[in-house]
Amino acid sequence: MKKLFSLILVSFFGVAFTQEKDDSLPTLIPQKINQMSGYINQQRKIVIEPEYHIAMFFAQDCNLLNSPNKAVRVFGSANYATVEKNNISYRINKKGKRVYRYKKTDIGKCSQPYVVQKYKAFVLNGAYGLVSKEDIDLGGYKDFDIYPQYQMLYVLESDRENPMIVAVKNDKFGIVDKNNKIVIPFVYNDIKTNLSWKTANLFEVSIDGKDYFFVNKNNHAYLAKKL
């Protein structure tokens with residue numbers, strides 16, 4: 001099945017993979033293999049073997065950074081990632097070593113101000129568009145940044161002025177910008193509306209709705225070479 005999935009990817013993307021290092025992306029990228037998660041590098045080589053049920057990006061953990069236990073605050077930095085195995089959560093370093101096991105007593109308060117999105121999805125006659133104004137004249141086009149034409153729009157958390165937007169058209173998912181320019185083509189069965197773009201400049205996508213992987217803004221896929 002994995003071999004077949006790999007062949008589908010090759011025909012689906014054409015030249016889909018890149019060997020060039022991209023400084024805007026994380027050095028290690030979560031990857032699920034045979035239902036378990038590990039990490040690959042940008043060259044798609046497995047660096048941390050898949051053994052976890054959940055593997056998140058190497059990123060700050062605000063709750064640990066503000067822990068009442070000063071000794072564990074260091075593990076809240078972006079040098080570590082949160083993983084989970086058998087319902088136990090850890091922080092690991094970039095060599096895959098478990099350096100901290102989560103304890104409820106170590107969790108601090110994380111107060112981050114809520115930022116209101118400038119651009120919002122707007123529904124008109126069952127179709128989704130994009131607006132940045134509070135008052136909309138429904139009689140014309142001028143108040144719409146994107147006139148309603150999609151089955152769904154979701155503004156991802158990221159750059160408030162230039163957000164990336166998950167859109168659905170003809171039952172396929174893609175990404176557009178605020179000017180309705182296509183960033184990721186409408187070829188996917190699903191694109192997750194999670195924080196992967198904000199955290200890592202990557203989109204989590206799926207061709208079949210079962211196997212998910214990450215692509216960058218150029219639609220280059222990051223998948224382990226062994227798949």
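Bear in mind that the values in this text are calculations on the coordinates, not laboratory data. These numbers were taken from a predicted model, which means no experiment stands behind them. So basically every Cβ, Gly included, is an ideal-geometry build from the backbone, and we count neighbours across all protein chains shown.
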Taking a quarter of the surface of the convex hull around the Cα atoms of region 109-211, what do you get in nm²?
-> 8.0
How big is the gap, in Å, between the Cα center of region 143-179 and the Cα center of region 50-108?
-> 33
Gain upon complete extension [Lys104, Ala127; 0.36 nm per residue less C-alpha separation] | 3.8 nm
Report the relative contact order of the chain, percent, no decimals, based on alpha-carbon pairs under 8 angstrom and at least 6 residues apart.
-> 14
Under a Cβ-Cβ cut-off of 9 Å, what is the net charge of the residues other than Gln117 that fall near it, where Lys and Arg count +1 and Asp and Glu count -1?
-> +2
Relative to the present Cα-Cα distance, how much length would full extension add between Asn86 and Asn63 at 0.36 nm per residue of separation?
-> 6.1 nm
Isotropic mean projected area of the C-alpha convex hull, region 36-123 (nm²) | 8.6
Förster radius 41 Å - calculated FRET efficiency between Asn93 and Lys172, Cβ distance, rounded to 0.05 = 0.60
Extend 7 Å from the Cα of Gln149 along its Cα-to-C-beta direction; within region 93-122, residues with backbone N under 16 Å of that point are 122
Going by the alpha-carbon gyration tensor, a ≥ b ≥ c the square roots of its eigenvalues, is region 90-134 rounded (a/c under 1.5) or, if a/c is not under 1.5, prolate (a/b greater than b/c) versus oblate?
-> prolate
Within-12-Å neighbourhood charge of Ile107 [Cβ basis; K, R +1; D, E -1] = +2
Using θ = phi - 60° and Karplus 6.51 cos²θ - 1.76 cosθ + 1.60, couplings along region 29-34 (whole Hz; Gly, Pro as x) | 10, x, 9, 9, 10, 6
For every helix of n ≥ 4 consecutive DSSP H residues, a contribution of -39,500 (n - 2.57) applies; sum these over the chain, divide by its total residues, and give [θ] at 222 nm rounded to the nearest 500 deg cm²/dmol.
-> -2500 deg cm²/dmol
Going by alpha carbons, how many degrees (0 to 90, nearest 10) lie between the helix axis of 2-13 and the longest principal axis of the chain?
-> 40
Say the dipole of region 173-224 comes from +1 at the beta carbon of Lys and Arg and -1 at that of Asp and Glu; which of Leu202, Asn179, Tyr212 then lies farthest toward its positive end?
-> Asn179
If you place +1 on the Cβ of every Lys and Arg and -1 on the Cβ of every Asp and Glu, how big does the dipole about the Cα centre of the chain come out, in debye to the nearest 20?
-> 1160
Around Gly76, what is the net charge, scoring Lys/Arg as +1 and Asp/Glu as -1 over all other residues with Cβ under 12 Å from its Cβ?
-> +1
Return the loop-located trypsin sites (Lys or Arg not before Pro) in region 145-227 (DSSP other than H, G, I, E, B) with at most 10 other Cβ atoms within 10 Å of their own Cβ; answer none if there are none.
-> Lys181, Lys210
Hey, if you put +1 on the Cβ of every Lys and Arg and -1 on every Asp and Glu Cβ in region 14-151, which of Pro26, Pro113, Gln149 ends up farthest toward the positive end of that dipole?
-> Pro26
Go through region 112-128 residue by residue and turn each phi into a ³J(HN,Hα) via Karplus (6.51, -1.76, 1.60, θ = phi - 60°); whole Hz please, and just put x for glycine and proline.
-> 10, x, 6, 9, 6, 5, 6, 9, 9, 5, 9, 9, 9, 6, x, 10, 9
Averaging sequence separations of C-alpha pairs under 8 Å and six or more residues apart, then dividing by the length of region 110-227, give the relative contact order as a whole percent.
-> 15
